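The values are calculated or read from the model by the stated rules, or taken from the named source; none is laboratory data. Everything numeric here is computed off the predicted structure, so don't read it as measured data. We place every Cβ from the backbone using ideal geometry, glycine too, and count neighbours over all the protein chains shown. With ligands, DNA and RNA removed, areas are computed over all heavy atoms of the protein, side chains included. Shrake-Rupley method; radii C 1.70, N 1.55, O 1.52, S 1.80 Å.
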Amino acid sequence: MAAVSLPLGFERILDMVSVTHQLAEFAVNLTLDDIPAEVRARAKALIFDTVGIALRARHDTQSTRAMLAALARLEMTQGRAHVIGDSQTYPAAVAALVNGAGAHSLDFDDTHAAGSLHSSAPIVPAALAAAELADADGAATLAAIIAGYEVQIRLSLALTPAEHYTRGYHPTATCGAFGATVAAGRLLGLDAAGMEKAFGVALSQTSGSMQFLHDGAWTKRSQVGHAAYNGVIAATLAAEGYHGAGQALDGQWGFLSAYAPNPDPARAIAGLGETWQTMGLAVKPYPSCRYSHAAMDALRHLRAANDVDVDAISAVEIGLPQTGQNIIGTPLAQKHAPKTVVDGQFSMPFLAAVILRKGDLGWDDYDQLLSDPETLALTRKVSCVVDPAAEAEFPANMAGVARVTVGGERLETMVVVPKGEPDNFLTEAELTGKFEGLTAPYLSAARRTRLADALLDLDAQPSIPAVLELTRPDVADLKLAGED
């Protein structure tokens, strides 16, 4: 596929006018053959990772149970689309909502460092739901997901993520609504004009607030689910001829100008069709905010290399880029006293204490350690600062510095590229191990193998519902849905 580029000499306003149309054209005209093999392979790995996360979240998060109870009360539970890990089926948009929220509920989902967002959580669920509506095969679904990744990430880059965050927006949800619209719209057969209309509908539905940081609210999860839901709704409305606002991305009150103070629309289309932002997505080794991971890797290194006596630690200082400090480092008094899982996922002091005490962090550690006196005592010894070296690496890398004072000696190291980033990606064994750990409580070994094989060979699958059937629990001692 030919790269999309602007003629030389265009004024900035003309660049802006063209963005909505160019992204719509790219979104509907991209074919699987246009996509390099390495990009297709990476996308399948990301989908594999996402399904494992969503399956665990279906059963092990209180927010999922509350959401399902609300949907039942609203009489929104009758349909044929699959919620990952559920024995019941739902309306397509509702399945996208629940799967999207679930994929983001553990804070274990993939991230794009420069875009400062998560891609699969809103986009994969929208694509799966639309594929079930359209009876699409795995190849079409894979291409739709990659198109969604490219549009979502590019919109975040065009906003300038730090400025979008400063306004209080959550880019995974805001930009994710457009990525979800792309994925769903392709599968529902939209042409470029229809995709532009769908963008216009998505614009009026786009939301996502960082206010969840105030008290560890579950809205961080639900607003990502709503991005997936809104993508399916926007695409379906457009497919039925509904008119969304024109110039949705670049108009006077369009997405880019309304959601950031100094957008750079050219970044949304730079290298379109040649530079694949999908390859910038990282897979998380820890279920916590990605800004914490480099510092956590640094702490693991210090702990292992120096045989650190945790009881002798007198102080820990974590150096972060400014954006990371804003999210996981301040206000320090609040970060020193996490109460909920979301609090813990966004508390660098707590996460540092867990790594120093255990050497690792898994999903089940939150329940065990958020109320552990020794872990919380160490948490209060951790401070966070904006580190010039980490800031210099941002936004290309979410770097982190760890400084540990123990027994009167100060140990220090910096990690620039945390584990899971494209240049330090999880090995096949590590990726499979993560999937196994997430799904083993609910799927038998045989079922896990069949599901993994289908997801990692998605483009050869004739039926998306048949793949999703494999996520239904088959472990004999599975707890009843709704139990802790």
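Brief remarks on what is shown
- Sparse packing (at most 12 other Cβ atoms within 10 Å of the Cβ) combined with a DSSP loop state is found for the following chymotrypsin sites (Phe, Trp or Tyr not before Pro) in the stretch 202-297: 253.
- Accessible area per residue for the stretch 358-405 is 44 Å², calculated with a 1.4 Å probe on protein heavy atoms, without ligands, DNA or RNA.
- Counting only Cβ charges, +1 for Lys and Arg and -1 for Asp and Glu, the dipole size of the chain around its Cα centre is about 780 debye.
- The Rg/Rh ratio of the stretch 92-187, with Rg taken over Cα atoms and Rh as the Kirkwood radius over Cα pairs, comes to 0.98.
- J(HN,Hα) series, the stretch 431-437, from Karplus relation 6.51 cos²θ - 1.76 cosθ + 1.60, nearest Hz, glycine and proline x: 5, 5, x, 4, 4, 4, x
- Accessible-area ranking of 74, 23, largest first, probe 1.4 Å: 74, 23
- Apportionment of accessible area to carbon and sulfur, the chain, percent (1.4 Å): 52 percent
- The solvent-accessible area of residue 405, taken with every protein chain present and a 1.4 Å probe, is close to 40 Å².
- Trypsin sites (Lys or Arg not before Pro) lying in DSSP loop within the stretch 58-137, provided at most 16 other Cβ fall within 10 Å: 80
- Along the axis of the charge dipole computed for the stretch 134-202 (Cβ charges of +1 for Lys and Arg, -1 for Asp and Glu, origin at the Cα centre), the listed residues 157, 146, 176 are led at the positive end by 157.
- Cα long-axis angle, helix 37-60 against the chain (0 to 90 degrees, to the nearest 10): 70 degrees
- Net charge contributed by nearby residues that have their C-beta within less than 11 Å of residue 194 (K/R +1, D/E -1): -1
- Global geometry of the stretch 343-406, whether rounded, prolate or oblate, following the gyration tensor of its Cα atoms and the 1.5 cut on a/c: prolate
- Length-normalised contact order of the chain in % [C-alpha pairs under 8 Å, at least 6 apart]: 20 percent
- Figure note: 28, 386 ranked by solvent-accessible area, largest first, 1.4 Å probe, ligands and nucleic acids not counted: 386, 28.
- Listed pairs 44/335; 220/284; 220/419 exceeding 26 Å between Cα atoms: 44/335
- The aspartates and glutamates within cross-link reach of residue 339, meaning a Cα-to-Cα straight distance under 19 Å and a gap of 8 or more places when in the same chain, are 60, 107, 215, 364, 365, 367, 372, 374, 484.
- For the stretch 78-143, the relative contact order is 28 percent, taking Cα pairs closer than 8 Å that sit 6 or more residues apart in sequence and dividing their mean separation by the residue count.
- Other residues within the sphere of radius under 10 Å centred on the Cβ of residue 439, judged by their own Cβ, net out at +3 (K and R +1, D and E -1).
- Normalised by 2.2 N^0.38 Å, where N counts its residues, the alpha-carbon radius of gyration of the stretch 124-253 equals 1.02.
- Descending principal axes extents, the stretch 240-326, alpha-carbon based, whole Å: 65, 28, 28
- Helix 192-205 vs. the chain, principal-axis angle (Cα, 0 to 90°, nearest 10): 50 degrees
- Separation of the stretch 66-97 from the stretch 355-374 is 32 Å, based on Cα centroids.
- The residues neighbouring residue 38, those whose beta-carbon lies less than 15 Å from its own, together hold a net charge of -4 under the Lys/Arg +1, Asp/Glu -1 convention.
- With DNA, RNA and ligands ignored, accessible area of residue 207 (1.4 Å probe; Å², nearest 10): 70 Å²
- For the chain, the longest principal axis of the C-alpha atoms and the axis of helix 138-159 are separated by about 70°.
- Tensor-based shape of the chain (alpha-carbon gyration tensor, a/c under 1.5 rounded, otherwise prolate or oblate): oblate
- Residue 220 contributes an accessible area of around 10 Å² to the protein surface, as traced by a 1.4 Å probe with all chains present.
- Pairwise centroid distance, computed over Cα atoms, of the stretch 160-234 with the stretch 266-312, Å: 24 Å
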